[in-house]
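The values are calculated or read from the model by the stated rules, or taken from the named source; none is laboratory data. Because the structure is a prediction, the values reported are computed rather than measured. Using ideal geometry, Cβ is built from the backbone for each residue, glycine included, and neighbour counts are taken over all protein chains shown. Please note that ligands, DNA and RNA were not included when accessible areas were found on the heavy atoms of the full protein model with its side chains. Shrake-Rupley method; radii C 1.70, N 1.55, O 1.52, S 1.80 Å.
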Amino acid sequence: MEKEFFNKLGIKGKKEPLELRWTGNTTRSEDDSVKINIEVSGVKGDSRFMLHDVRTVKNLELPKQTLKFEDVVKYNPHLKGLPVESYVNAKPTILIGVNNWRVAVPMKIREGGYNQFIATKTRLGWTLQGSGKDVGEIASLNIHTCECERRYQILHDEVKEYFSLDVSQPKSILSIGNQRAMQILENNCVKKNQQFEVSLLWKDNDPQLPDSYNVAVHRLKCLMRKFKKNTELKQTMQMEIEKLISKGYARKVLDSEINNYPGRTWYLPIFVALNPNKPGKVRLVWDAAAKSNNKSLNDYLLCGPDLLTSLFNVLIEFRVGQVAVCGDIAEMFHRINVKDEDMHAQRFLWFENGDVDKISVYVMKALTFGISCAPCIAHFVRNKNADDFRENYPRAVKAVESYHYMDDFIDSVHSEEEALELALQVKMIHAAGGFHMRNWVSNSKLV
């Protein structure tokens, strides 16, 4: 109800601020809104009906309406005899919401041809719906407001601004740190034996890393105390580390390397991350935030620019096509190798052959979970690999660059044939970079 009309009625209600939300996340606040219950009746009706929880707004902003019923009847003879009165420039002041729809529900209907008006009788009287064809001014009955003139004005203003000013286009400006990170990736990311090899994103060219061995030993002893309470945890971690070694993601460091290695070294404590939605599954995490001499490995590394695709955009695009196709990249981080000169910054301690009395040094040859630059590197490598196929498979490359969220592929197209072709192309592109797609799902059994 419009506030002006409410004031004319001279009634009182409870003040409650109101926020209205519409499509496109458009919001409107009514700080002076009043909540009331009112009785209404039709123009000629004696019965009164209660409208509950009516809220006032400053302005409904609905257009004025004019109805010449005698003209309507000329083109809609099926409406002849209905008790509908004409009116001129009447402005709606109340909208009846679904919580009070009982008073507006159709009880009788009178309709004519396809393009003619439909009349419905409600508890408040007869109403007309439809735009009507060739009825002249009757089109003003349509209460949908037209924004055309306002859009034309906006377009006019933008064109005027364009010709009167040198309008600069928005550019993505990288910080100095992000510029360095991208330069490292561009210069040091190479493909060897069907897999990519990268450097870590160091803040400085020659970082002086402190000794971190003792912290790793201390954290391993803390794990050993947990193992006494939870023997399954040790067995699970042992199995995961054996998998890393068997797949070539990690290896034992030779005794000759441990003390004589001339490059950068850092010992990363390890722990497990559990997912309550995936019982029994654990993920090993290398704690690059662990401090040694008040410094962590992450303190020496750049995070790099955020190359993660917006999940909101991915899901919005996903709604478009009729056939969905989804999958994920297996062990995405571990499919990217780290160059030899940086590999030893990913050392960790573990028990040789599961013997807690024999601690050995291992090193991650692949990218690890936990270091701050890993997400940026992974996204860069994934997109760099896809870029080689842009000319021959543009839609699949777009899927890799725009419709992946982390390691998850989420896309949709308009036919089963398109979905199958797209899935095979995406799978082929990832395989060329050493990535393996799995866990395919679709709403099509054929796909």
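Just the residues that are among the charged types (D, E, K, R), in contact (Cβ under 8 Å) with a residue 12 or more places away in the chain and open to solvent by 40 Å² or more (accessible area, probe 1.4 Å), please, taken from region 403-426. Walk me through how you get there before you give the answer.
Taking region 403-426 as the starting set, the residues that turn out to be among the charged types (D, E, K, R) are 407-408, 411, 416-418, 421.
Checking the rest, the ones that are also in contact (Cβ under 8 Å) with a residue 12 or more places away in the chain come to 407-408, 411, 416, 418.
Listed by number, the residues that qualify are Asp407, Asp408, Glu416, Glu418.
Of all residues in region 7-45 being in a loop (DSSP other than H, G, I, E, B) and among the β-branched types (Val, Ile, Thr), which is modelled with the lowest pLDDT? Among those residues, the one meeting the criterion is Val43. Scanning region 273-293 for residues that are open to solvent by 80 Å² or more (accessible area, probe 1.4 Å) and assigned to a strand (DSSP E or B) returns Leu274, Arg283. Cβ-Cβ distance below 9 Å, separation of 6 or more or different chains: which pairs start in region 72-94 with a residue that is in contact (Cβ under 8 Å) with a residue 24 or more places away in the chain and more than 14 Å from Leu128 (Cβ to Cβ) and end on one that is open to solvent by less than 60 Å² (accessible area, probe 1.4 Å) and hydroxyl-bearing (Ser, Thr, Tyr)? Pairs found: Asn89/Thr66. Scanning region 293-338 for residues that are over 27 Å from Ala250 (Cα atoms) and among the hydrophobic types (A, V, I, L, M, F, W, C) turns up Leu311, Phe312, Val314, Leu315, Ile316, Phe318, Val320, Val323, Ala324, Val325, Cys326. With respect to the conditions (1) more than 30 Å from Lys35 (Cα to Cα); (2) open to solvent by 60 Å² or more (accessible area, probe 1.4 Å); (3) at pLDDT 85 or above; (4) not in a loop (DSSP other than H, G, I, E, B), Glu137 lacks only one, and its number is (3).
In the list Glu61, Glu85, Glu2, which residue meets the criterion of being open to solvent by 50 Å² or more (accessible area, probe 1.4 Å) and modelled with pLDDT of 85 or more?
On the way: Glu61 fails: modelled with pLDDT of 85 or more; Glu2 fails: open to solvent by 50 Å² or more (accessible area, probe 1.4 Å).
Result: Glu85 is the single residue among Glu61, Glu85, Glu2 that is open to solvent by 50 Å² or more (accessible area, probe 1.4 Å) and modelled with pLDDT of 85 or more.
Could you tell me whether region 253-272 includes any residue that is more than 20 Å from Asp342 (Cα to Cα), in a strand (DSSP E or B) and touching a strand residue (DSSP E or B) at 6+ places or on another chain (Cβ under 7 Å)? Yes, because at least one residue in region 253-272 is more than 20 Å from Asp342 (Cα to Cα), in a strand (DSSP E or B) and touching a strand residue (DSSP E or B) at 6+ places or on another chain (Cβ under 7 Å).
Pairs linking a residue in region 106-132 that is on the phi > 0 side of the Ramachandran plot and open to solvent by 40 Å² or more (accessible area, probe 1.4 Å) to a residue that is among the hydrophobic types (A, V, I, L, M, F, W, C) and not in a strand (DSSP E or B), with Cβ atoms under 7 Å and 6 or more positions apart or on different chains, are Gly130/Phe117.
Looking at Val400, Val361 in this structure, which one is of a type in the set (Val, Ile, Thr) and either free of Cβ contacts under 8 Å to residues at least 40 places away in the same chain or in contact with a Gly (Cβ under 6 Å, 6 or more places away or on another chain) (or both)?
When all the criteria are applied, what remains is Val400.
Within region 239-252, if we keep just the residues that are open to solvent by 40 Å² or more (accessible area, probe 1.4 Å) and outside any strand (DSSP E or B), the residue that is nearest to Glu197 (Cα to Cα) turns out to be Lys247.
Only one of the numbered conditions (1) among the small types (Gly, Ala, Ser); (2) open to solvent by less than 30 Å² (accessible area, probe 1.4 Å); (3) free of Cβ contacts under 8 Å to residues at least 12 places away in the same chain is not met by Gly354, and that is (3).
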